Amino acid sequence: MSNPEFRPGLADVPAAESGISFIDGKRARLEYRGIAVETLAKESFFEETSWLLLKGDLPRQKELADFDAALKEERCIHFRLLDALKSLPENGHPMGALQAGTAALGMFHPMSNVLNPANNWEAVIRLIAKLPTIVAAFHRLRVGHEAIAPRQDLGHAANFYYMLFGKEPSAAVTRVLDACLILHAEHTMNASTFSARVTGSTLANPYAVISSAIGTLSGPLHGGANEEVLDMLEEIASAENAKTWLVDAVATKKKIMGFGHRVYKVKDPRATVLQDLAEKVFAETNRPYAYNIATTLESAANEILGPKGIYPNVDFYSGIVYQNLGIPKDLFTPIFAIARVVGWLSHWLEQISNNRIYRPEQVFVGKSDQHYIPLEQRT
Ligand code: ACO
C-alpha cells in the first residue's frame, strides 16, 4: 500500500469542521462567530465575547446577566486546592502550576461522562471562573504573600488584577486587560486548540481537556513566545542596535520571537489592536524603553522579513503591555490561557456535539521483518 502524503505540522490539512472563528490571513481578518475581533475589542467585554464564542450569538440582557453572575459565583477555589498550590515549588513555572491546578480541579468535580449538557455547562463556567484565581493564588503564594480572595463586584479582568496586586485597576488598565483577554480568546485550529479537541475526542472530562491544552500552549513556538519577546528586546538593548541585531539574527537563521505566523502573511490584526491599546496605556503610565526598541525592530523587519510574509503576531506587543502594568514575565502565558480557555471550551463543546475520536495515519519510515537477536549475541 502506498503511503499517504505527509504534511509536516499538518500544514493546510483540515482537522475539523468548525463555526467558531475564521481567519483570512491575507486580509488580516479575524472573526469570532462572524464579528471582527477589532470590533469586539472596542465594543464588547470579555464575559460577553465568551458567551458569543461558546454559544454562537451575542447574549440577550438576561442571558448575559445570568452568565456573569454564575461566573462571579464560581471564582473561589477549594482550600485544599490552595494547599496543593502551596506545595508546588515556588521557582516552578506558573504554567506548570496552572496545568496541575486545572487537573486537580477536575478531581474536586469528578465527571464520569460528558453526555449531560447541564453538567458540561457547569464545568465551562467553573473553568473560566477559576483559572484566574489559580494563576493569581500561585503567584501570591510563591512570592510569600497570602492568596487574595476574588471579589464579586468586579468584572473578570479587573478581578484578576485585584487578586494579583490587592488593588483595583484604573478604568484604562481594566480596558486594556479586558481587550487583551478578548484578543487571545480564540484563534481557529492552533496547536493548543487541536490538543483540546484531540483530548476531548476521547470523551475525557473537560478538566483533562483544558490541562492538556495548557501544556501545549506553554511552548515557546506558541503561547510562550510573548515571554521570549521581552528577553529578545533586553538582548537588543537599544533602539539604535535593533537593525544590526536583526540583520545578524536573520543571517544566522535565528527565529525572531513575536514574528511570523502559519496563517497570517500580513501583520496580525490582534497585534495592530494591541499596539493601539498600548499607546493609550503608555499615554497614562510611561512609554517603556522596550516599546521604542520594538517599534524600531518592526520597521527594520518590515524591510527585511516583510517580503517573506513575516510580520508581528499578537505576542509581539502583548508582553510589553503586561510588563508596563507590572505583571511578571512568567505570568504572560498563564494570562493567555485565562483568555484562551474560552476558545478551548467552545471547541470542546463543538467536538463532542459531533464526535469521532482522532486517530490519524502515520507515514511509516522504520524497519520491518527484523529478527530478535538474543542479548548475549548482540555485538
Ligand atoms: N523569524 C525569522 N524567520 C522566520 C520566523 C521568525 N519569527 N518565522 C518564520 N520564519 C521563516 C523560517 O525560518 C522559514 O524560512 P525558510 O523557508 O527560509 O526556512 C519560513 O519563515 C517558514 O517558517 P516556519 O517555521 O516553517 O513557519 P511555521 O508556519 O511552521 O511557523 C511560527 C509559524 C511557529 C509562528 C513561526 O513563525 C515562529 O517560530 N515564530 C516565532 C515564535 C512566535 O512568535 N510564536 C507565536 C505565534 S502566535 C501564537 O502562538 C499566539
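Checking the conditions here, which among 64, 105, 82, 88 is in the same structural domain as residue 150 (by TED's automatic domain parsing), in a helix (DSSP H, G or I), closer than 24 Å to residue 330 by Cα and open to solvent by 20 Å² or more (accessible area, probe 1.4 Å)? It would help to see each step written out before you state the result.
Details: 64 fails: closer than 24 Å to residue 330 by Cα; 105 fails: open to solvent by 20 Å² or more (accessible area, probe 1.4 Å); 88 fails: in a helix (DSSP H, G or I).
Of the residues listed, the single one that is in the same structural domain as residue 150 (by TED's automatic domain parsing), in a helix (DSSP H, G or I), closer than 24 Å to residue 330 by Cα and open to solvent by 20 Å² or more (accessible area, probe 1.4 Å) is 82.
Out of (1) polar (S, T, N, Q); (2) open to solvent by less than 40 Å² (accessible area, probe 1.4 Å); (3) more than 19 Å from residue 329 (Cα to Cα), the odd one out for residue 133 is which?
(3)
Out of segment 334-365, which residues are surrounded by 15 or more Cβ atoms within 10 Å (Cβ to Cβ) and either assigned to a loop (DSSP other than H, G, I, E, B) or among the polar types (S, T, N, Q) (or both)?
If we filter segment 334-365 for residues that are surrounded by 15 or more Cβ atoms within 10 Å (Cβ to Cβ), which is where we start, we get 334-352, 358.
Those that are surrounded by 15 or more Cβ atoms within 10 Å (Cβ to Cβ) and either assigned to a loop (DSSP other than H, G, I, E, B) or among the polar types (S, T, N, Q) (or both): 346, 351, 358.
Can you confirm whether residue 215 is closer than 27 Å to residue 352 by Cβ and surrounded by fewer than 24 Cβ atoms within 10 Å (Cβ to Cβ)?
Working: closer than 27 Å to residue 352 by Cβ: yes; surrounded by fewer than 24 Cβ atoms within 10 Å (Cβ to Cβ): yes.
So residue 215 fits the description; yes.
Tell me the residue from 33, 27 that is touching a Leu at 6+ places or on another chain (Cβ under 6 Å) and open to solvent by 40 Å² or more (accessible area, probe 1.4 Å), please.
Numbers: 27 fails: touching a Leu at 6+ places or on another chain (Cβ under 6 Å).
Unique residue meeting the criteria: 33.
Which residue pairs have Cβ atoms under 6 Å apart, sit 6 or more places apart or on different chains, and have a first residue in segment 351-379 that is among the acidic types (Asp, Glu) and a second that is surrounded by 10 or more Cβ atoms within 10 Å (Cβ to Cβ)?
Within 6 Å, the pairs are 361/4.
Going by the structure shown, is residue 201 within 13 Å of the ligand (Cβ to nearest atom), assigned by TED's automatic domain parsing to the domain that holds residue 123, open to solvent by less than 30 Å² (accessible area, probe 1.4 Å) and touching a residue at least 40 places away in the same chain (Cβ under 8 Å)? Step through it out loud before you land on a result.
Working: within 13 Å of the ligand (Cβ to nearest atom): no; assigned by TED's automatic domain parsing to the domain that holds residue 123: yes; open to solvent by less than 30 Å² (accessible area, probe 1.4 Å): yes; touching a residue at least 40 places away in the same chain (Cβ under 8 Å): yes.
No, not satisfied.
Give the number of residues within segment 72-130 that are of a type in the set (Ser, Thr, Tyr) and within 24 Å of residue 50 (Cα to Cα). Walk me through how you get there before you give the answer.
First, the residues of segment 72-130 that are of a type in the set (Ser, Thr, Tyr): 87, 102, 112.
Remaining after also requiring within 24 Å of residue 50 (Cα to Cα): 102.
Here the count works out to 1.
Restrict the check to segment 313-320 and report whether at least one residue is outside the structural domain of residue 90 (by TED's automatic domain parsing), within 12 Å of the ligand (Cβ to nearest atom), under 30 Å from residue 7 (Cα atoms) and surrounded by fewer than 18 Cβ atoms within 10 Å (Cβ to Cβ).
Kept after step one, since they are outside the structural domain of residue 90 (by TED's automatic domain parsing), are these residues of segment 313-320: 313-320.
Now restrict to residues that are within 12 Å of the ligand (Cβ to nearest atom): 313-319.
Next cut, under 30 Å from residue 7 (Cα atoms) only: 313-316.
Filter once more, keeping what is surrounded by fewer than 18 Cβ atoms within 10 Å (Cβ to Cβ): none.
No.
Of all residues in segment 175-193 being among the hydroxyl-bearing types (Ser, Thr, Tyr) and open to solvent by less than 10 Å² (accessible area, probe 1.4 Å), which is nearest to residue 15 (Cα to Cα)?
Pass one, segment 175-193, residues among the hydroxyl-bearing types (Ser, Thr, Tyr): 188, 192-193.
Still in the running and open to solvent by less than 10 Å² (accessible area, probe 1.4 Å): 192-193.
Numbers: 192: 13, 193: 11 Å.
Top of the filtered list is 193.
Of all residues in segment 282-298, how many are open to solvent by less than 70 Å² (accessible area, probe 1.4 Å) and not β-branched (Val, Ile, Thr)? Give the derivation first.
Our first condition is that a residue be open to solvent by less than 70 Å² (accessible area, probe 1.4 Å); within segment 282-298, this holds for 282, 285, 288, 290-298.
From what's left, not β-branched (Val, Ile, Thr): 282, 288, 290-292, 294, 297-298.
Here the count works out to 8.
So in segment 288-312, with the set limited to residues that are away from the ligand (no atom under 16 Å from the Cβ) and hydroxyl-bearing (Ser, Thr, Tyr), which one is farthest from residue 260 (Cα to Cα)?
289
Among the residues in segment 237-245, are any open to solvent by 30 Å² or more (accessible area, probe 1.4 Å) and on the phi > 0 side of the Ramachandran plot?
Yes, segment 237-245 contains at least one residue that is open to solvent by 30 Å² or more (accessible area, probe 1.4 Å) and on the phi > 0 side of the Ramachandran plot.
Can you pull out every residue in segment 257-267 that is crowded, with 21+ Cβ neighbours inside 10 Å and in contact with a helix residue (DSSP H, G or I) (Cβ under 8 Å, 6 or more places away or on another chain)?
Result: 257, 258, 259.
Within the set of pairs 6 or more residues apart or between chains, which connect a residue that is among the basic types (Lys, Arg) inside segment 114-127 to a residue that is open to solvent by 60 Å² or more (accessible area, probe 1.4 Å) and part of a helix (DSSP H, G or I) with Cβ atoms less than 6 Å apart?
Sorted first by the residue in segment 114-127, then by its partner, the list stays empty.
Exactly one condition in (1) surrounded by 15 or more Cβ atoms within 10 Å (Cβ to Cβ); (2) in contact (Cβ under 8 Å) with a residue 40 or more places away in the chain; (3) touching a Lys or Arg at 6+ places or on another chain (Cβ under 7 Å) is false for residue 52; which is it?
(2)
The values are calculated or read from the model by the stated rules, or taken from the named source; none is laboratory data. Please read all numbers here as calculations on a predicted model, not as lab measurements. Cβ coordinates were reconstructed from backbone atoms using ideal geometry, including for glycine residues, and neighbour counts include every protein chain displayed. Only protein heavy atoms, including side chains, enter the accessible area calculation; ligands, DNA and RNA are left aside. Shrake-Rupley method; radii C 1.70, N 1.55, O 1.52, S 1.80 Å.
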